[in-house]
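*Asks:* Sharing a structure below in C-alpha coordinates format, with a few things to ask.
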Amino acid sequence: MKIKITTPIKRNYREVFALFNLQLFEALKPPVVNLKVERFDGCKKGDEVHLKVAGQRWVSHITDYVENEDEIYFIDRGVIIPPPIKSWLHIHRIERSGENSCNVIDDIEYSTGNAFIDKLIYPALCAMFAMRKPIYKRELS
(Lines give C-alpha, C1' and ligand atoms only; values in the text may rest on other atoms or scores of the structure.)
Protein backbone atom coordinates (compact mmCIF):
# COMPACT_ATOMS: atom_id res chain seq x y z
CA MET A 1 0.00 0.00 0.00
CA LYS A 2 1.08 3.57 -0.59
CA ILE A 3 0.50 6.77 1.35
CA LYS A 4 1.56 10.18 0.10
CA ILE A 5 1.00 13.34 2.13
CA THR A 6 2.24 16.77 1.00
CA THR A 7 2.66 19.81 3.25
CA PRO A 8 3.54 23.22 1.74
CA ILE A 9 6.07 25.20 3.79
CA LYS A 10 7.02 28.86 3.33
CA ARG A 11 10.77 28.48 3.72
CA ASN A 12 13.78 27.57 1.60
CA TYR A 13 14.04 23.80 1.14
CA ARG A 14 17.64 23.66 2.38
CA GLU A 15 16.70 25.53 5.58
CA VAL A 16 13.80 23.13 6.07
CA PHE A 17 16.03 20.08 5.70
CA ALA A 18 18.42 21.50 8.30
CA LEU A 19 15.53 21.27 10.79
CA PHE A 20 15.01 17.52 10.24
CA ASN A 21 16.55 16.56 13.56
CA LEU A 22 15.68 14.72 16.77
CA GLN A 23 13.62 17.65 18.07
CA LEU A 24 11.38 17.58 14.96
CA PHE A 25 11.19 13.78 15.04
CA GLU A 26 9.95 13.87 18.64
CA ALA A 27 7.46 16.67 17.84
CA LEU A 28 6.00 14.47 15.08
CA LYS A 29 5.19 11.61 17.47
CA PRO A 30 1.49 10.73 17.22
CA PRO A 31 -0.21 11.66 20.51
CA VAL A 32 -1.95 8.30 21.01
CA VAL A 33 1.06 6.11 20.22
CA ASN A 34 3.46 5.05 22.95
CA LEU A 35 6.74 5.80 21.15
CA LYS A 36 10.22 6.17 22.60
CA VAL A 37 13.29 7.16 20.58
CA GLU A 38 16.21 4.96 21.59
CA ARG A 39 18.65 6.06 18.88
CA PHE A 40 18.55 8.81 16.27
CA ASP A 41 21.70 9.23 14.16
CA GLY A 42 20.22 11.67 11.63
CA CYS A 43 18.95 11.66 8.06
CA LYS A 44 22.00 10.79 5.97
CA LYS A 45 22.86 7.50 4.29
CA GLY A 46 24.12 5.00 6.86
CA ASP A 47 22.27 6.60 9.79
CA GLU A 48 19.90 4.55 11.93
CA VAL A 49 16.76 5.24 13.93
CA HIS A 50 15.77 2.88 16.75
CA LEU A 51 12.34 3.16 18.37
CA LYS A 52 10.11 1.38 20.85
CA VAL A 53 6.54 1.54 19.56
CA ALA A 54 3.99 0.23 22.07
CA GLY A 55 6.75 -1.90 23.57
CA GLN A 56 7.81 -3.29 20.17
CA ARG A 57 11.19 -2.63 18.58
CA TRP A 58 11.40 -0.66 15.29
CA VAL A 59 14.72 -0.14 13.54
CA SER A 60 15.06 1.85 10.33
CA HIS A 61 18.20 2.37 8.27
CA ILE A 62 18.68 5.45 6.12
CA THR A 63 19.55 3.76 2.84
CA ASP A 64 19.76 6.77 0.52
CA TYR A 65 20.26 10.52 0.65
CA VAL A 66 20.08 12.89 -2.33
CA GLU A 67 20.52 16.65 -2.45
CA ASN A 68 20.26 18.71 -5.62
CA GLU A 69 18.85 22.01 -6.89
CA ASP A 70 15.26 20.70 -6.91
CA GLU A 71 14.98 18.62 -3.76
CA ILE A 72 16.53 16.89 -0.81
CA TYR A 73 15.31 13.46 0.13
CA PHE A 74 16.28 10.53 2.25
CA ILE A 75 14.88 7.03 2.45
CA ASP A 76 14.28 5.14 5.66
CA ARG A 77 13.75 1.44 5.28
CA GLY A 78 12.36 -0.64 8.12
CA VAL A 79 14.76 -3.40 9.11
CA ILE A 80 13.03 -4.54 12.28
CA ILE A 81 9.31 -3.70 12.19
CA PRO A 82 6.53 -4.56 14.63
CA PRO A 83 3.80 -6.85 13.34
CA PRO A 84 1.61 -6.83 11.38
CA ILE A 85 3.84 -4.71 9.09
CA LYS A 86 6.44 -6.77 7.23
CA SER A 87 7.97 -4.14 4.93
CA TRP A 88 8.33 -0.36 5.28
CA LEU A 89 9.85 2.22 2.94
CA HIS A 90 9.49 5.92 3.76
CA ILE A 91 10.84 8.56 1.38
CA HIS A 92 11.10 11.93 3.12
CA ARG A 93 11.10 14.54 0.35
CA ILE A 94 11.65 18.26 0.61
CA GLU A 95 10.92 19.58 -2.88
CA ARG A 96 11.75 23.15 -3.82
CA SER A 97 8.65 24.98 -5.07
CA GLY A 98 10.10 28.51 -5.06
CA GLU A 99 13.01 30.51 -3.69
CA ASN A 100 11.47 30.55 -0.21
CA SER A 101 8.94 27.76 -0.38
CA CYS A 102 8.92 23.99 -0.58
CA ASN A 103 6.78 20.91 -0.12
CA VAL A 104 7.50 18.36 2.57
CA ILE A 105 6.31 15.00 1.29
CA ASP A 106 5.89 11.80 3.27
CA ASP A 107 5.91 9.09 0.60
CA ILE A 108 5.36 5.70 2.23
CA GLU A 109 5.05 2.17 0.97
CA TYR A 110 4.25 -0.66 3.36
CA SER A 111 3.00 -4.23 3.37
CA THR A 112 1.75 -6.71 5.92
CA GLY A 113 1.83 -9.50 3.37
CA ASN A 114 -1.97 -9.53 3.39
CA ALA A 115 -3.94 -7.14 1.16
CA PHE A 116 -6.95 -7.15 3.50
CA ILE A 117 -4.85 -6.18 6.54
CA ASP A 118 -2.99 -3.57 4.45
CA LYS A 119 -6.32 -1.92 3.69
CA LEU A 120 -7.53 -2.35 7.26
CA ILE A 121 -4.61 -0.39 8.78
CA TYR A 122 -4.45 2.16 5.94
CA PRO A 123 -6.86 4.70 7.55
CA ALA A 124 -4.94 4.69 10.84
CA LEU A 125 -1.58 5.15 9.11
CA CYS A 126 -2.99 7.92 6.90
CA ALA A 127 -4.37 9.70 9.95
CA MET A 128 -1.05 9.43 11.80
CA PHE A 129 0.85 10.98 8.91
CA ALA A 130 -1.82 13.60 8.20
CA MET A 131 -1.39 14.76 11.81
CA ARG A 132 2.14 15.79 10.84
CA LYS A 133 0.92 18.62 8.59
CA PRO A 134 0.24 21.22 11.32
CA ILE A 135 3.39 20.17 13.16
CA TYR A 136 5.49 20.61 10.02
CA LYS A 137 3.94 24.06 9.49
CA ARG A 138 4.62 25.09 13.08
CA GLU A 139 8.14 23.67 13.35
CA LEU A 140 9.46 24.35 9.85
CA SER A 141 7.94 27.69 8.77
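The values are calculated or read from the model by the stated rules, or taken from the named source; none is laboratory data. Small disclaimer: the values here were computed from a predicted structure and weren't measured. Every residue, glycine as well, gets a Cβ built from its backbone with ideal geometry; the counts of neighbours run over all protein chains shown. Ligands, DNA and RNA are excluded from the accessible area calculation, which covers all protein heavy atoms including side chains. Shrake-Rupley method; radii C 1.70, N 1.55, O 1.52, S 1.80 Å.
*Asks:* Each label point is 7 Å from the Cα along the Cα-to-Cβ direction; what then is the distance between the points at Ser111 and Ile3, in nm?
*Replies:* My value for the distance between the label points is 1.8 nm.
*Asks:* For the pair Tyr65 and Met131, how long in nm is the line joining their label points, each one 7 Å along Cα→Cβ?
*Replies:* For Tyr65 paired with Met131, the spin-label model returns 2.9 nm.
*Asks:* Sticking with this one: Taking the C-alpha atoms of the chain, how large are the radius of gyration and the largest Cα-Cα span, Dmax, in Å?
*Replies:* Values for the chain (Cα only, Rg and Dmax): 14.7, 43 Å.
*Asks:* Same structure again: At most 11 other Cβ atoms within 10 Å and a DSSP loop assignment: could you name the trypsin sites (Lys or Arg not before Pro) in segment 38-141 that fit?
*Replies:* Numbers: sites: Arg39, Lys44, Lys45, Lys52, Arg57, Arg77, Lys86, Arg93, Arg96, Lys119, Arg132, Lys137, Arg138; in loops: Lys44, Lys45, Lys86.
Qualifying residues, ordered by number: Lys44.
*Asks:* Restricting attention to segment 1-97, which GluC sites (Glu not before Pro) occupy a DSSP loop and are surrounded by at most 11 other Cβ atoms within 10 Å?
*Replies:* Passing both the DSSP loop test and the Cβ count: Glu69.
*Asks:* Taking Rh as the Kirkwood radius computed over C-alpha pairs, what is the Stokes-Einstein D of segment 16-76 at 10 °C in a medium of viscosity 1.306 mPa s, expressed in µm² per second?
*Replies:* Details: Rh = 12.5 Å.
Rounded, D is 127 µm²/s.
*Asks:* With unit charges on the beta carbon (Lys/Arg positive, Asp/Glu negative), name the residue among Cys126, Val104, Leu89 whose Cα is farthest towards the positive pole of the charge dipole of segment 70-137.
*Replies:* It is Cys126, whose Cα lies furthest towards the positive end.
*Asks:* A further question on this structure: Would you calculate the volume per residue, in Å³, of the smallest convex hull containing every Cα atom of segment 84-141?
*Replies:* Working: hull volume 4.6 nm³, N = 58.
Convex hull volume per residue, Cα atoms: 80 Å³.
*Asks:* With every protein chain in place, what's the accessible area of Ile62 (1.4 Å probe, Å², nearest 10)?
*Replies:* 10 Å²
*Asks:* Simple spin-label model, 7 Å along Cα-to-Cβ: Lys52 to Val33 in nm?
*Replies:* 1.7 nm
*Asks:* Would you work out the charge dipole size for segment 3-141 about its Cα centre, treating the Cβ of every Lys and Arg as +1 and the Cβ of every Asp and Glu as -1, and quote it to the nearest 20 debye?
*Replies:* With Lys and Arg at +1 and Asp and Glu at -1, about 540 debye.
*Asks:* Using the eigenvalues of the Cα gyration tensor, what equivalent ellipsoid semi-axes result for segment 52-99 when each is taken as the square root of five times the eigenvalue, whole Å, largest first?
*Replies:* Taking √(5λ) for each eigenvalue gives 29, 10, 8 Å, largest first.
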